[in-house]
Amino acid sequence: MSAVLPARPAAPRPAAVLPARPAGRWRVVVGWAVVLGITALTLVPGLGVEVDLGAVARSWRNGADKVVALLQPDWAFFPRTVAPLLETLQMAVIATAVAGAVSLPLSLWAARTTNPNRLLRGAVRAVLNVVRAVPDLLYASVLVAMVGVGALPGVLALVLFDVGIVVKLVSEQLEAADTGAIEAGLAAGGTQSRVNRAVVVPDMMPGFWTQLLYVLELNVRASSVLGLVGAGGMGLLIDAVRSFYRYDQLSLIILEILVVVLVLEAVSSAVRRRLV
């Protein structure tokens, strides 16, 4: 019989090595502490925002009455809302189209990869920063005083508002994109304008259309409010019913705007899926 060899002892398993804690965790803690500290200071009486919770508690019945009225829409008021609603949609579509035509070249001039001229690029960005700094409602107020009450000042205000947003988003998209095709076109002897037209514009169009659809959704919401200062659209009707405390009619207007926004969101999502 052959001798039975003794079994070898199992090799000891190496001790588990725990990964080191990521450096810089203290920065997150400090950041949250700063945010919470600033928030607490803004609630201190005499230092920050005056928040009177007692007034809310004392006036809750007024709010309850308004909510009850908003829950009872006046459906008979619907025929009077059709024309202002159509005007609101027209304002949004026209402003989006004009803003898209203006924003396309400005986006190329504002991006570092498509405009190597630092002076021109800096001037375009500076102007657009000023445009974005002014609220659309303030644009509408000034334009109503200049051109009169109606849809025209609302469209102009929306165009200014849209150009600032679209150029900002699209130019950042261009700067984040791969520059290999641009460098190849320039190395082949093409000028910057020709390379932009032949290479950059076809690549940027899906993202550009996506931003325009997003702006169209914003315009529908914004154009329904610009009428509060006389810039046409549904806002004029909102101001009228609000002045007479007809919250039942205001509820119907809110429902109509909600339905339009939801339908537009569904259509925009379907178009985005085809573009991207």
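Structure values in brief
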item: Positive dipole terminus of the chain, leading residue within Leu226, Tyr245, Ala76 (C-beta point charges); result: Leu226
item: Overall dimensions of the chain by Cα: Rg and Dmax, Å; result: 28.9, 115
item: Where the range 76-275 is the region considered: accessible area per residue in Å², 1.4 Å probe; result: 51
item: Listed residues Pro153, Pro84, Pro202, most fluctuating in the chain (Gaussian network, C-alpha, under 10 Å); result: Pro202
item: For the chain, with +1 on Lys and Arg beta carbons and -1 on Asp and Glu, the positive-most of Ala187, Ala64, Val147 along the dipole; result: Ala187
item: Nearest-20 debye value, the chain charge dipole, Cβ charges on Lys, Arg, Asp, Glu; result: 1100
item: The chain: angle of helix 201-226 to the longest principal axis, Cα-based, in degrees nearest 10; result: 40
item: Size of the range 133-276 as Cα extents on the principal axes (Å, biggest first); result: 68, 36, 20
item: Zero-based 10 Å bins, Cα pair distances in the range 35-173, whole percents; result: 10, 22, 20, 26, 18, 4, 0
item: Of Leu262, Pro116, Leu236, farthest towards positive along the dipole that unit charges on Lys, Arg, Asp, Glu beta carbons give the chain; result: Pro116
item: Percent carbon-and-sulfur accessible area, the chain, ignoring ligands, DNA and RNA, probe 1.4 Å; result: 69
item: Estimated FRET transfer efficiency when R0 is 41 angstrom, pair Leu186-Val149 (beta carbons, to 0.05); result: 0.20
item: Theoretical gain in end-to-end length, Ala76 to Glu265 [0.36 nm per residue, Cα-Cα removed]; result: 65.3 nm
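The values are calculated or read from the model by the stated rules, or taken from the named source; none is laboratory data. Note that this is a predicted model, so its numbers are computed, not measured. Virtual Cβ from ideal backbone geometry, glycine too; neighbours counted across all protein chains shown. In case anyone asks, the SASA skips ligands and DNA or RNA and just uses the protein heavy atoms, side chains included. Shrake-Rupley method; radii C 1.70, N 1.55, O 1.52, S 1.80 Å.
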